[in-house]
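What follows draws every value from the coordinates through simple rules; no lab data is involved. If you're wondering where the values come from, they're calculated on a predicted model, not measured in any experiment. Note that each Cβ is placed from the backbone with ideal geometry, even for glycine, and that neighbours are counted across all protein chains shown.
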Amino acid sequence: MKTTPLLHSMQHFILGMMIVAASLISQKTQAQNARISKDEMQKLSGWVGEWKGEGWQMDQQTRQKITFTVVEKVEQRLDGMALIVEGKGSSNGTLGHHAMAMVYYNADAGHYDFHSLVMQGHSTMAKGEFNDKGEFVWGFKVPQGEVRYVITIEGDTWTEKGAFSMDGSTWYPTMEMQLKRVK
């Protein structure tokens, strides 16, 4: 079969498009298949258990502190490759906070992925890492700035502080809780 220059060009174009498509599919597959580090997850093994305590959060409208009681349950999953963290907070007998997160160490990105969901129907994909003080810092960007949480666990005490920043350098406290391990 004799090919015309137009048909020959079309064949090269289609072959080129197939190569580009295969490359894009391969990149997407790689992005969705991060390597998980079980060794790095050992650094969070002290989180496992049930924690209870109290705290406060800043009310968005009134700018007043609202106190709450909270229970955090942390379980290892997939033979220690991931943690499931579930927290429930109540104020005056009313459930005001219910969140769940899956935490794992993304070896390809070099940080912990912290995927959380809250009862209000929102989710975040946050990045977590240990700072030079040994505190676990996780956070995410929002349209107005950044939200950051710092977790410190010393013995059977879990302290977590939340803050908001519009510029990444001036931080305003939004919540704090102190929990004791009960199981």
When you have a sec, figure out the Kirkwood radius of segment 54-183 from all distinct Cα pair distances and drop it here in Å to one decimal?
-> 15.6 Å
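For a footprinting-style exposure proxy, rank 122, 115, 97 by other Cβ within 10 Å, fewest first. It would help to have the intermediate numbers written out before the result.
Details: 122 9, 115 14, 97 18.
The fewest-first ordering by Cβ neighbours comes to 122, 115, 97.
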³J(HN,Hα) across segment 58-71 via Karplus (A = 6.51, B = -1.76, C = 1.60, θ = phi - 60°), whole Hz, x for Gly/Pro?
-> 7, 6, 4, 7, 8, 6, 9, 6, 10, 8, 8, 10, 9, 10
Segment 45-84: which trypsin sites (Lys or Arg not before Pro) are DSSP loop and have at most 14 other beta-carbon atoms within 10 angstrom?
-> 63
Please identify the GluC sites (Glu not before Pro) of segment 69-177 that satisfy two criteria: DSSP loop assignment and at most 16 other Cβ atoms within 10 Å. Which are they?
-> 135
For segment 106-183, shape from the Cα gyration tensor axes a ≥ b ≥ c, cut at a/c of 1.5 then a/b versus b/c, turns out rounded
Fewest Cβ neighbours within 10 Å first, please rank 62, 157, 174 accordingly.
-> 62, 157, 174
Set of lysines with alpha-carbon distance to residue 52 below 22 Å, sequence-local pairs under 8 removed = 43, 65, 73, 88, 161, 180, 183
Please work out, to two decimal places, the log10 of the ratio I(q)/I(0) at q = 0.19, 0.22, 0.25, 0.26 Å⁻¹ from a Debye calculation in which every Cα of segment 78-148 carries one identical scatterer.
-> -0.90, -1.09, -1.21, -1.24
Between segment 52-92 and segment 109-183, the alpha-carbon center distance in angstrom = 11 Å
